[in-house]
Structures are given as C-alpha cells and as structure tokens.
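Structure below; questions to follow.
The values are calculated or read from the model by the stated rules, or taken from the named source; none is laboratory data. Nothing here was measured: the structure is a model prediction, and the numbers come from that model. Positions of Cβ are backbone-derived with ideal geometry, glycine not excepted, and every protein chain shown enters the neighbour counts.
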C-alpha cells in the first residue's frame, strides 16, 4: 500500500495543485489551474489560500493576475514525497503484474542522470498485454500531472541478448542503476 496523498494534504484539490506545481510548471494562475485540473474556481481559490497561509506556496498578485509558486526550499521536499509515492504506486502495480514485469529501473524523473524515466524488462509477447501495461503506467504518471514519460519496454530475451552483445544502452542501465526486481509476493 502506498501513501495516501489526499489524506496527507487534507484535500484532493490541494494535492493536485501541488503535483501540478512540482511536475508541470510554476507561476500559473488560479484560472490556469481551473482549466488544467477540472476543479472549480472557488475550490481552487480556497486551497490556494490555505496553502499560502501554511507557507507552502507564495502568490504574486499583480494587476489582478495571480502567479502561484512553491516556496523556495520546500519544493524539493514536496517533490521527494510525490516521487516516493509515485515509486510505491508503480511498485504496487508491478507486483500485481508480476507474471509480466520481471524488473524495472527508475531514472531521470527519479533523480538519476539519463534520458529515460522508466525502463521495464518484461516476459510477455502479446501486443495487447504490453499495450495494457503501457496504458496503465501512463495513467499512473498522468495522475501526477507529468507532461511526458520516457518509457523503455524491453523483453527479457532482448535485454539478455543485448547484454551479451555489450549493447551500450543495456550496459548503461546495468552500471548506472540499481536493478529493481519485482518481488512476486
């Protein structure tokens, strides 16, 4: 089970606002949140006021335009909480799909230097099954308001073959990342 962020921050709207500020962009207005998050203006305004009162965000008010930012210094801590929860959510999903997902590697979004966010090594050959997993993973990431996710999906056979051939990508995966084997329990 992973952390319930809505309970932690006392509101789904508040959680969505913080996710948007962490993963999408800062300096947005309440109206932009309304368009992007599908929450009403009063609901967003109430949560923005509470977050500002709590000292989590700052609101620059100029000429009837609000620009909302995370307070400098707290942004990395909030991002760490969200990334921890995202990783736990992915792990829980992989455990459910343990017959398919053998191992995975977290990269760029999770603080590791490489141009991918997630590498998945799997044991499936049916196109429908891989499409479902890709859809499910994209859905998990979309709940965090990430713009794009760079995902590599590789069969176990392909991974092992490329490893034997000293493929540059697979060698980078092996040397730069700690292998995460899905616990099948």
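I'd like to check something: does the range 90-107 contain any residue that is in contact (Cβ under 8 Å) with a residue 60 or more places away in the chain, crowded, with 18+ Cβ neighbours inside 10 Å and assigned to a helix (DSSP H, G or I)?
For the range 90-107, residues in contact (Cβ under 8 Å) with a residue 60 or more places away in the chain, crowded, with 18+ Cβ neighbours inside 10 Å and assigned to a helix (DSSP H, G or I): present.
Quick check on the range 3-26. Is at least one of its residues assigned to a loop (DSSP other than H, G, I, E, B), under 30 Å from residue 119 (Cβ atoms) and touching a helix residue (DSSP H, G or I) at 6+ places or on another chain (Cβ under 7 Å)? Before you say what the answer is, go through the steps one by one.
To start, the set of residues in the range 3-26 that are assigned to a loop (DSSP other than H, G, I, E, B) comprises 3-4, 9-11, 24-26.
The next check asks that each one be under 30 Å from residue 119 (Cβ atoms); those that pass are 3-4, 24-26.
Pick out the ones that are also touching a helix residue (DSSP H, G or I) at 6+ places or on another chain (Cβ under 7 Å) and you get 3.
There is at least one residue in the range 3-26 that is assigned to a loop (DSSP other than H, G, I, E, B), under 30 Å from residue 119 (Cβ atoms) and touching a helix residue (DSSP H, G or I) at 6+ places or on another chain (Cβ under 7 Å).
With respect to residue 43, is the statement that it is out of contact with any strand residue (DSSP E or B) (no Cβ under 7 Å at 6 or more places or on another chain) and surrounded by fewer than 16 Cβ atoms within 10 Å (Cβ to Cβ) true? Give the derivation first.
Details: out of contact with any strand residue (DSSP E or B) (no Cβ under 7 Å at 6 or more places or on another chain): yes; surrounded by fewer than 16 Cβ atoms within 10 Å (Cβ to Cβ): no.
No.
Please verify whether the range 69-82 includes one or more residues that are within 30 Å of residue 126 (Cα to Cα), without any contact (Cβ under 8 Å) to a residue 60 or more places away in the chain and either assigned by TED's automatic domain parsing to the domain that holds residue 158 or crowded, with 18+ Cβ neighbours inside 10 Å (or both).
no
Here's another thing I want to ask about it. Can you tell me which of (1) part of a strand (DSSP E or B); (2) modelled with pLDDT under 90 is the one residue 69 doesn't meet?
So the condition that residue 69 fails would be (2).
Among the candidates 48, 59, single out the residue that is more than 30 Å from residue 174 (Cα to Cα), without any contact (Cβ under 8 Å) to a residue 24 or more places away in the chain and not assigned by TED's automatic domain parsing to the domain that holds residue 159.
Result of the check over 48, 59: 59.
Among the residues of the range 124-153, what is the count of those that are crowded, with 16+ Cβ neighbours inside 10 Å and either in contact (Cβ under 8 Å) with a residue 60 or more places away in the chain or more than 24 Å from residue 23 (Cβ to Cβ) (or both)?
Of the residues in that region, 5 qualify.
Continuing with the same structure: Within the range 40-49, is even one residue outside any helix (DSSP H, G or I) and either modelled with pLDDT of 90 or more or closer than 14 Å to residue 82 by Cβ (or both)?
no
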